[in-house]
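Asks: One structure, as structure tokens, below. Some questions next.
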Amino acid sequence: MSDLVAGIDLGGTKLLGLAVDVATGEVVASGRVPTPTGATAVVEAIVGLGEHLRGEVADAGHRIGAVGLGAPGLVDRSGTLRYGPNVPGIVDLPLAAVLADRLGVPAAVDNDATCAAWAEHELGAARGANHSITITLGTGIGAGITVKGEVLRGAHGFAGEPGHMVVDPSGPRCPCGRRGCWERFASGSGLGWLAREAAHAGEADGVVARAGGDPEAVRGEHVTSAAAAGDPGARIVMDRFAWWVALGVANLVNVLDSEVVVLGGGLVEAGPLLLDPVNRAYGELVMGADHRDPVPIVAAQLGERAGAWGAALLAAART
């Protein structure tokens, strides 16, 4: 019987779990459940998913030797989720200690985007880069940073929250309580907001049609599908959205001087419709573009499994 590592990614809408053989890169089992509301329900869902993976691998002659969890928000070095604006009702929850007790194996907990960044660094689009930024464009924006081939965690474990850089102090209110955070413009919900603004201005009729004719029903997926079909209004909205994405990327590169920027999350499935205008706008926004080495902005390679894979890799390294 061989030991595997379970990696679980706690997202705003779903929990995704993998049981992996870190040495071979094999995924032995997987599972997903909707993300419930409230600390108690979330813990029970994580534990239940861990038990599901344990049962699945036992049938194949394996056992789970450790578990890693990626959680959105401020996760300190003890594995406590201090604050997560996109997971309401969870504050100061000692997830690592709770999971170790409930599942009976060593547990490690880190920020979800940090986990995704480490997976892309080890297995995906940032492989071979010592200095990288991986940005996840989802309900909000998360990021993980590597410096000299190691994860940058900061003094308290909270490094990598650029979604809450304020880029417009008079902008829309963010779930964190402030106004104008980068993720209000450059996340999936930000794309929807930009599209609704365009719809009310009469600039996105094709997008509104895909939303059933109601401008307030417009969401990001309506924009990406209309843009893929060649709708000119949707393409304009995508270009505006890409500018906001590029603004944050340029700010990060100005500070960190990374080799590569990896964009992940569901929005990246738009492919060149997003990546091409982001790369163009980045060249106009980063300081001294003509006097510095180019920094490619590329799509993540591991898809929705990046966070769970990274959680497993980090757990294996720490336990």
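Asks: Would you mind calculating the relative contact order of the chain from Cα pairs under 8 angstrom and at least 6 residues apart, reporting the percent as a whole number? Don't skip to the end; give the middle numbers.
Replies: On the way: 736 pairs, mean separation 63.8, N = 319.
With pairs under 8 Å counted, the relative contact order is 20 percent.
Asks: When you count, for each residue, the other Cβ atoms within 10 Å and take the mean per peptide, how do 19-29, 142-152 rank with the highest first? Before the final figure, lay out the partial values.
Replies: Values: 19-29: 16.7, 142-152: 20.0.
Peptide ranking by packing, descending: 142-152, 19-29.
Asks: Cα gyration tensor of the stretch 1-106, axes a ≥ b ≥ c as square roots of the eigenvalues: rounded (a/c below 1.5), prolate (a/b > b/c) or oblate?
Replies: Values: a/c = 2.08, a/b = 1.78, b/c = 1.17.
Prolate is the answer for the stretch 1-106, as a/c is 1.5 or above and a/b outweighs b/c.
Asks: I've got another one for you. So which helices of the chain fit the span-like rule, where a helix is a whole DSSP H run, its Cα atoms reach 24 Å or more along the axis, and its mean Kyte-Doolittle is at least -0.5?
Replies: Numbers: long enough: 39-58 (28 Å, 0.80); 232-256 (35 Å, 1.00).
Going by DSSP H runs, the hits are 39-58, 232-256.
Asks: Among DSSP beta bridges lying fully in the chain, give the percent that are antiparallel, nearest 5. Could you put the intermediate results ahead of the total?
Replies: Working: 28 of 49 bridges.
Roughly 55 percent of the DSSP beta bridges within the chain come out antiparallel.
Asks: Going by amide H atoms built from the backbone, whose H comes under 5 Å of the H on residue 15, apart from near neighbours?
Replies: 33, 35
Asks: Under the rule a/c < 1.5 gives rounded, and otherwise a/b versus b/c splits prolate from oblate, where does the chain land using the Cα gyration tensor?
Replies: Working: a/c = 1.84, a/b = 1.52, b/c = 1.21.
It is prolate, given that a/c is not under 1.5 and a/b is the larger ratio.
Asks: If you don't mind, another one. Compute the Cα gyration tensor for the stretch 158-285, then decide on rounded, prolate or oblate, letting a ≥ b ≥ c be the square roots of its eigenvalues: rounded whenever a/c is under 1.5, prolate when a/b is larger than b/c in the other cases, and oblate in all that remain. Please list the in-between numbers first.
Replies: Numbers: a/c = 2.18, a/b = 1.43, b/c = 1.52.
Judged from the Cα gyration tensor, the stretch 158-285 comes out oblate (a/c at least 1.5, b/c at or above a/b).
Asks: A further question follows. In debye to the nearest 20, how big a dipole does the stretch 228-319 give about its Cα centre with +1 on each Lys and Arg Cβ and -1 on each Asp and Glu Cβ?
Replies: Values: 6 positive and 10 negative charges, 53 e Å.
So the dipole magnitude of the stretch 228-319 works out to roughly 260 debye.
Asks: Same structure again: Rank these for me by crowding, 115, 176, 181, going from fewest to most other beta carbons within 10 Å. Mind dumping the intermediate values first?
Replies: Numbers: 115 36, 176 19, 181 29.
So the ranking, lowest neighbour count to highest, is 176, 181, 115.
Asks: Can I ask one more? Ranked from highest to lowest mean number of other Cβ atoms within 10 Å per residue, what is the order of the peptides 74-85, 30-41, 288-299?
Replies: Values: 74-85: 19.6, 30-41: 14.6, 288-299: 13.0.
The most tightly packed comes first, giving 74-85, 30-41, 288-299.
Asks: Near the amide H of residue 263, under 5 Å away, which other amide H atoms are found, from residues 5 or more places off or on another chain, if H is placed in the peptide plane?
Replies: Answer set, sorted by chain and number: 135, 298, 299, 300.
Asks: How large is ³J(HN,Hα), in whole Hz, for each residue of the stretch 60-65 in order, when computed from phi with the Karplus curve 6.51 cos²θ - 1.76 cosθ + 1.60 and θ = phi - 60°, using x for Gly and Pro?
Replies: 9, x, 10, 9, 8, x
Values quoted throughout were computed directly from the atomic coordinates according to the rules given, and no laboratory measurement underlies them. Quick caveat, the model's predicted, so the values are computed rather than measured. Quick reminder, even Gly has a Cβ in these numbers, built from the backbone with ideal geometry, and neighbours come from all protein chains shown.
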